[in-house]
Structure formats: C-alpha cells, structure tokens
Amino acid sequence: MSDLESDFNLKVVLVSFKQCLNENEEVLLDHYLAGWKGLVRFLNSLGALFSFISKDVVTKVQIVEHLRRGPQREHYSSLQSMVAYEVGNQLVDLERRSRHPDSGCRTVLRLHRALRWLQLFLEGLRTSPEDASTAALCTDSYNASLAAYHPWVIRRAVTLAFCTLPTRKVFLETMNVGSPEQAVEMLGEALPFIEHVYNISQKLYAEHALLDLP
C-alpha cells in the first residue's frame, strides 16, 4: 500500500504545513507536497466519486516532484525560487498553453486553488453545528473557490457528488486524531497554518500576474 492509499491523519497534515514556511516565509515545496499527500488521503476518504479530483491532484504532485528531482532542482526548493526561475527564463505559458503545459507555476496554481476549497470546507466542518449538512458545507466551499475554474458539466457533477457525503460526525472521526471534539480542536490548530501558506502563495502569484494562467 502506498503512502497515498493509507488512512488520512490530520496530524500529519498539520506537521507538514507547520514546516512549510522557512524563516523568510518562503513556501518549501517538499513540505507543501507532503501536506498535499496527506490531503489526498482525505479526498480518498470522501469516496469513489471524488477519485477524479484525487487523481488530478496526485498527477500534479508528481509533476512538481519530478521538477524537484530534475537537473534544475535547486530552483525548485521553494515556491518563490520556482516562480523567479520560471518567470525569469520564460518557462511559463502566460496567455495560452503551448511550449510549457506542465510548468511548475501552472501546476502549483492548480494545487493552490484546490487548497482553498479544502481549507474552506475544513473550516466549515470545524465551526458548524453537529447537525450541519456536509453537502451544503462542501458546496458553499466549492462555489467560493474551484467552481469559477470549472465548466458547467463539471460543476453539476461535483455538486451532485457532494450529496453523497457522510455526516459531520463521520467526517471528524476520519481525521484519526480521537473524538470529534479532538478533531475540531486540531482543525483549529492546523487551519491557520494552511491559510497562511495559501495567503503567501496567493500574494506571490498576484505580484507576478500568475493567478489566471491557462
């Protein structure tokens, strides 16, 4: 069994995103990818209907891992060094996909957008009442993030898939950190780190006009 097929554990995600930033608040890609591997396990726990999102995320994680191991790996230690290298060397397709369809900037942007959806959904789980509809929470989070980048057919299919989600209590139990109350407490600890990484990444991409890469 691979590490992406093992059970989700919120503590692993917390540790990864805690270690994601160095003293200069640069996003370290190895820890960012480790955090995403933990979140992939969370996506897998949502059921087979979410496998298309999970598989897409795994593909993008593998693209960035390949860059981390490649001949230019020193430029891919952090998000900041990656952006500087690829933008400075015109390795990013800014207007349409052509010579660099799998650039690091484009690939991480897709992960960045998905991270916002998961962050909003997990925050909704944390703050909602016990009888809250997880379908409504997930739909609201999706509409506030990823939906803007998906065609109508995908949006429709995803929204229907949300209707099959388990209850809030079941979700919190899948965090594998103890009782639902303990899961809520750890979400409260983990989500600020995820949000901080997201905000730093968002600002970096905005500064370089990379938020709408094709």
For the range 38-65, which residues satisfy the criterion of being in contact (Cβ under 8 Å) with a residue 40 or more places away in the chain and over 21 Å from VAL197 (Cβ atoms)? ASN44, SER45, LEU46, GLY47, LEU49, PHE50
Tally, over the range 175-214, of residues that are buried (at least 17 other Cβ atoms within 10 Å of the Cβ) and farther than 21 Å from HIS31 by Cα: 5
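So which of VAL177, VAL158 ends up being in contact with a His (Cβ under 8 Å, 6 or more places away or on another chain) and at pLDDT below 90? Full working, then the answer.
On the way: VAL177 fails: in contact with a His (Cβ under 8 Å, 6 or more places away or on another chain).
None of the others qualify; the one that does is VAL158.
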I need the helices (runs of 4 or more DSSP H) fully contained in the range 117-214, keeping only those with at least 1 residues that are free of Cβ contacts under 8 Å to residues at least 12 places away in the same chain and of a type in the set (D, E, K, R). 152-162, 168-173, 180-207
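Does SER77 satisfy the criteria of being touching a strand residue (DSSP E or B) at 6+ places or on another chain (Cβ under 9 Å), small (Gly, Ala, Ser) and either open to solvent by less than 60 Å² (accessible area, probe 1.4 Å) or over 20 Å from LEU211 (Cα atoms) (or both)? Reasoning before the result, please.
On the way: touching a strand residue (DSSP E or B) at 6+ places or on another chain (Cβ under 9 Å): yes; small (Gly, Ala, Ser): yes; either open to solvent by less than 60 Å² (accessible area, probe 1.4 Å) or over 20 Å from LEU211 (Cα atoms) (or both): yes.
Yes.
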Looking only at the range 189-202, how many residues end up being modelled with pLDDT of 95 or more and either among the polar types (S, T, N, Q) or over 16 Å from the mean Cα position of the chain (by Cα) (or both)? 3
If you go through the range 94-105 one residue at a time, do you hit one that is open to solvent by less than 40 Å² (accessible area, probe 1.4 Å) and outside any loop (DSSP other than H, G, I, E, B)? yes
Of the listed residues (GLY35, GLY104), the one being under 18 Å from the mean Cα position of the chain (by Cα), under 21 Å from MET175 (Cβ atoms) and in contact (Cβ under 8 Å) with a residue 24 or more places away in the chain is GLY35
Please state which one of ARG110, ARG99 is of a type in the set (Lys, Arg), free of Cβ contacts under 8 Å to residues at least 60 places away in the same chain and farther than 24 Å from ASN143 by Cα. ARG99
Lone qualifier among PHE42, PHE17, PHE52 - being among the aromatic types (Phe, Trp, Tyr), open to solvent by 60 Å² or more (accessible area, probe 1.4 Å) and part of a helix (DSSP H, G or I): PHE52
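The values are calculated or read from the model by the stated rules, or taken from the named source; none is laboratory data. The model shown is predicted, which means the values in this text are computed figures rather than measured ones. No Cβ is skipped: glycine too gets one built from the backbone with ideal geometry, and neighbour counts run over all protein chains shown. Quick note on the areas: whole protein, heavy atoms, side chains included, nothing else; ligands and nucleic acids left out. Shrake-Rupley method; radii C 1.70, N 1.55, O 1.52, S 1.80 Å.
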